[in-house]
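Quick notes on the structure that follows.
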Amino acid sequence: MDCHCAFHPLLNHLSEAEREALGACVAERTIKAGDILWDEGDDANFAALVVSGRIELLKKTEFGGRRFVVGLFSAGSIVGEEALSKGDGKRPERAEVTEDCTFMVLEPDSINNLAKSNPQAAITVLSLLLQVSTRRLSHAYERLASIF
């Protein structure tokens, strides 16, 4: 399968064999600017590794349906990674595509299939996802602390 795995910065730590194994477990999608990738409350059933374009994450506020920008994500980013740990959880935010976007779809089954075909690649991918989540949690703490 021809996959963008080799071009995604998050996956630089994977060997060529590991990238090929991951490529066999992911699908590639393209979505147009202005489209909603998912909405707050939708089922969280995949993460998106952004290859090109831009995605804006927004959270509803208590002020008349207004939304707060949680983050802007472009090529090299991952969004929706909570889907890989919750299984049957719901999306905590809306994902709007602000520039035409190509991304790799990473589902919980993708990780399970990767673990069967190449356990080391699965460990590396999960470790990278943990690093991303840890960094985002630290930034969220800093943003929260700046409010008070």
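Here, each number is a calculation from the coordinates, and none is a lab measurement. Please read all numbers here as calculations on a predicted model, not as lab measurements. Ideal geometry is used to build each Cβ from the backbone, glycine not excepted, and the neighbour counts take in all protein chains shown.
Select from segment 59-81 the residues that are surrounded by 18 or more Cβ atoms within 10 Å (Cβ to Cβ) and part of a strand (DSSP E or B) and write down the one among them that is farthest from the chain's Cα centre (by Cα). By that ranking, first place goes to Val70.
Screening Ile31, Ile55 for residues that are in contact (Cβ under 8 Å) with a residue 40 or more places away in the chain and surrounded by fewer than 21 Cβ atoms within 10 Å (Cβ to Cβ) leaves exactly one candidate, Ile31.
Condition check: outside any strand (DSSP E or B) and of a type in the set (D, E, K, R). Does Glu20 satisfy that?
Spelling it out, Glu20 is indeed outside any strand (DSSP E or B) and of a type in the set (D, E, K, R).
In segment 39-71, what residues are among the β-branched types (Val, Ile, Thr) and in contact with a helix residue (DSSP H, G or I) (Cβ under 7 Å, 6 or more places away or on another chain)? The answer is Val51, and nothing else. The residues on offer are Glu40, Glu142, Glu56, and the sole one that is charged (D, E, K, R) and part of a strand (DSSP E or B) is Glu56.
Search segment 34-52 for residues being small (Gly, Ala, Ser) and exposed (fewer than 14 other Cβ atoms within 10 Å of the Cβ), and hand back the single one that is nearest to the chain's Cα centre (by Cα). Result: Gly41. Only one entry in Val105, Val125 is within 19 Å of Ala21 (Cβ to Cβ) and part of a strand (DSSP E or B), namely Val105.
For segment 105-125, the criterion of being in contact with a Lys or Arg (Cβ under 8 Å, 6 or more places away or on another chain) and either over 19 Å from His8 (Cα atoms) or not small (Gly, Ala, Ser) (or both) is met by at least one residue.
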